[in-house]
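Report on one structure; see the data block that follows.
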Amino acid sequence: MVATTSSAPVGTGLRRILVKLSGEALMGDEDYGIDPKMLKRVAMEIREVMSLGMQVAVVIGGGNIFRGAGLARAGMDRVTGDHMGMLATVINSLALSDALEQMGIPTRVMSAIEMHQVAEPYIRRRAIRHLEKGRIVIFAAGTSNPYFSTDTAATLRALEIKAEVIAKATRVDGVYDKDPLKYSDAVMFREITYLDVLAKGLGVMDATSIAMCRDNKLPILVFNLNTPGNIMRMSMGEPVGTVIR
């Protein structure tokens, strides 16, 4: 069920976007790790968006490999667990970079944790320059700080590079009033405010990232990555998913 609200598509006239992918999105049909078929499809869709002349940055989570918060609840030191989770995002970022490079798309992986052998250190002005030169920039290792999610890292990077929207890829069609995977009567919103997301505890992104987007008027577009072509539709301004603004 969809709660309809008339609004202008957030994607109209976009020049620079940041795509936030969950690590689980790369699992595809697998139970763990990276599904090569899913990785290739995501890379192909990002390539299509770039072919429109759009500048694209990406942040990928690491939940398909490691979840620091989960092990912290089981007794592991939270800071250690979070740092391990950041390293998992580097693995995913390198995998996506390789898939794009094999399609002839230039990329740069920029890590918040310095590891010069595999990624560039994150420098804001250099990241913007890469985007201006037509390279896909993949931000890895979160913010390098524990206790911050990759959603917050995506928001921070989007604001720093002056992206016009965060495109949050999920396993469902948008933002619902309750989990649509559990409740058949869940209602999807076409548009919802930051305040309503926080007040209703909808959990599409963590509260810190939602508040940062609200304070800086950065719209969030939540869409289903499992529907082929959605990244392109979102970039073209078609009414895909839910707009939070």
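The values are calculated or read from the model by the stated rules, or taken from the named source; none is laboratory data. From a predicted model like this one, the values you see are computed outputs, not experimental measurements. Counting neighbours? That spans all protein chains shown, and the Cβs are built from the backbone with ideal geometry, glycine included. Note: accessible area is taken over every heavy atom of the protein model, side chains too, but ligands, DNA and RNA are not part of it. Shrake-Rupley method; radii C 1.70, N 1.55, O 1.52, S 1.80 Å.
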What are the residue pairs meeting all of these: first residue in the range 63-83, first residue farther than 27 Å from residue 28 by Cβ and touching a residue at least 40 places away in the same chain (Cβ under 8 Å), second residue part of a loop (DSSP other than H, G, I, E, B) and open to solvent by 60 Å² or more (accessible area, probe 1.4 Å), Cβ atoms under 9 Å, and 6 or more apart or on different chains?
78/147; 79/147
Given (1) in a loop (DSSP other than H, G, I, E, B); (2) in contact with a Gly (Cβ under 9 Å, 6 or more places away or on another chain); (3) open to solvent by 40 Å² or more (accessible area, probe 1.4 Å), index of the condition residue 91 fails
(1)
Considering only residues that are part of a loop (DSSP other than H, G, I, E, B) and open to solvent by less than 40 Å² (accessible area, probe 1.4 Å), which ones fall in the range 145-179?
146, 161, 163, 165, 172, 174
Members of the range 196-245 found to be surrounded by 19 or more Cβ atoms within 10 Å (Cβ to Cβ) and on the phi > 0 side of the Ramachandran plot, listed by number
241
List, please: which pairs have Cβ atoms under 9 Å, are six or more places apart or on different chains, and start with a residue in the range 111-133 that is in contact (Cβ under 8 Å) with a residue 60 or more places away in the chain and end with one that is open to solvent by 40 Å² or more (accessible area, probe 1.4 Å) and among the hydrophobic types (A, V, I, L, M, F, W, C)?
none
Residue that is open to solvent by 70 Å² or more (accessible area, probe 1.4 Å) and more than 25 Å from residue 32 (Cα to Cα), where the choices are 129, 73, 135
129
